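The values are calculated or read from the model by the stated rules, or taken from the named source; none is laboratory data. These numbers come from a predicted model, not from an experiment. Every residue, glycine as well, gets a Cβ built from its backbone with ideal geometry; the counts of neighbours run over all protein chains shown. Only protein heavy atoms, including side chains, enter the accessible area calculation; ligands, DNA and RNA are left aside. Shrake-Rupley method; radii C 1.70, N 1.55, O 1.52, S 1.80 Å.
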Amino acid sequence: MKTLGLIGGMSWESTAEYYRLINELTRDRLGGLHSARLVLHSVDFAEIEQLQAAGRWEEAGQVLAGAARSLEAAGADLLLICTNTMHKVADQVEAAVSVPLLHLADATADAVRAAGLRRVGLLGTAFTMEQDFYRGRLASGGLDVLVPDAGARAMVHRVIYEELCVGVVREESRAAYREVIGDLVAAGAQGIVLGCTEIELLVRQADSPVPVFPTARLHAQAAVAAALDGR
């Protein structure tokens with residue numbers, strides 16, 4: 001098995017899910033006591049969030065590029081950025097290393113197309129929903145992407161940073177997300193991309209009348225498949 005390099009900590013709540021999922025999927029594929037070969041570089045999310053809020057993406061990219069170099073030096077054969085939002089600096093990270101980066105949006109678009117769908121609603125941070133780095137990547141993968149209205153986007157973003165990133169899961173927030181999902185479906189969404197890894201702590205398939213695409217799980221599945229070379 002190739003060694004996976006995880007750039008995590010954004011937030012550690014979702015990175016813990018990545019660790020669990022990758023190891024469970026490896027065990028399921030190989031059986032017995034098998035677990036994944038991986039190395040993790042976990043950053044301080046408080047520092048990254050401050051750079052996000054200030055629009056200092058170049059500096060944030062430098063932090064993640066440094067993490068990527070450390071993972072390559074530690075023996076990683078394949079890298080993952082364990083967050084949707086920070087794929088804004090994916091090009092900067094890729095340029096810093098010689099090993100490949102498995103892009104989360106590509107894994108997601110592949111899964112949506114495999115399900116026979118084309119038009120999806122996207123939930124995530126305001127950065128992910130409103131900027132082109134992620135929506136454009138999905139669109140280049142053949143998808144038509146819908147996002148909530150401005151008020152709903154603000155609510156979705158707030159719940160991520162103020163609740164989910166600190167391990168708080170509220171039923172009232174789940175209900176609010178369900179309402180947003182319903183609006184996206186009414187607008188024509190055939191599926192819902194959970195485009196923030198923390199959202200998977202809150203939203204499940206039962207919360208949506210159309211298929212949901214949990215990006216952390218999809219990313220983990222693609223990573224294990226790549227690490228095992230189809231075994």
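Being more than 18 Å from Arg217 (Cα to Cα) and either more than 15 Å from the chain's Cα centre (by Cα) or not hydroxyl-bearing (Ser, Thr, Tyr) (or both) is true for just one of Arg113, Arg153. Which residue is that? So that I can check it myself, show each step before the final result.
Working: Arg113 fails: more than 18 Å from Arg217 (Cα to Cα).
Result: Arg153 is the single residue among Arg113, Arg153 that is more than 18 Å from Arg217 (Cα to Cα) and either more than 15 Å from the chain's Cα centre (by Cα) or not hydroxyl-bearing (Ser, Thr, Tyr) (or both).
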Any hit, the range 163-173, residues being part of a loop (DSSP other than H, G, I, E, B) and among the basic types (Lys, Arg): yes
Selection from the range 211-225 of residues that are in contact with a strand residue (DSSP E or B) (Cβ under 6 Å, 6 or more places away or on another chain), in contact (Cβ under 8 Å) with a residue 40 or more places away in the chain and open to solvent by 10 Å² or more (accessible area, probe 1.4 Å): Pro211, Phe213
Residue match in the range 159-169 (condition: open to solvent by less than 70 Å² (accessible area, probe 1.4 Å), touching a residue at least 40 places away in the same chain (Cβ under 8 Å) and touching a strand residue (DSSP E or B) at 6+ places or on another chain (Cβ under 9 Å)): no
Qualifying residue in the range 180-190 (condition: touching a Ser or Thr at 6+ places or on another chain (Cβ under 8 Å), more than 15 Å from Thr108 (Cβ to Cβ), in a loop (DSSP other than H, G, I, E, B) and open to solvent by less than 20 Å² (accessible area, probe 1.4 Å)): no
Test: Ala95 is open to solvent by 30 Å² or more (accessible area, probe 1.4 Å) and among the small types (Gly, Ala, Ser): yes
Those residues of the range 10-26 which are open to solvent by less than 60 Å² (accessible area, probe 1.4 Å) and either of a type in the set (A, V, I, L, M, F, W, C) or touching a residue at least 40 places away in the same chain (Cβ under 8 Å) (or both), in sequence order: Met10, Ser11, Glu13, Ser14, Thr15, Ala16, Glu17, Tyr18, Leu21, Ile22, Leu25, Thr26
Hits in the range 122-148 - residues which are within 19 Å of Cys165 (Cβ to Cβ) and among the aliphatic types (A, V, I, L, M): Leu122, Leu123, Ala126, Met129
Val112 being part of a helix (DSSP H, G or I), touching a Pro at 6+ places or on another chain (Cβ under 7 Å) and modelled with pLDDT of 95 or more: no
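Take Leu71 and decide whether it is touching a residue at least 60 places away in the same chain (Cβ under 8 Å), in contact with a strand residue (DSSP E or B) (Cβ under 9 Å, 6 or more places away or on another chain) and within 17 Å of Glu198 (Cα to Cα).
no
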Any hit, the range 132-143, residues being under 20 Å from Pro214 (Cβ atoms), surrounded by 21 or more Cβ atoms within 10 Å (Cβ to Cβ) and hydrophobic (A, V, I, L, M, F, W, C): yes
Scope the range 27-49; condition under 17 Å from Gly66 (Cα atoms) and open to solvent by 100 Å² or more (accessible area, probe 1.4 Å); matching residues: Glu47
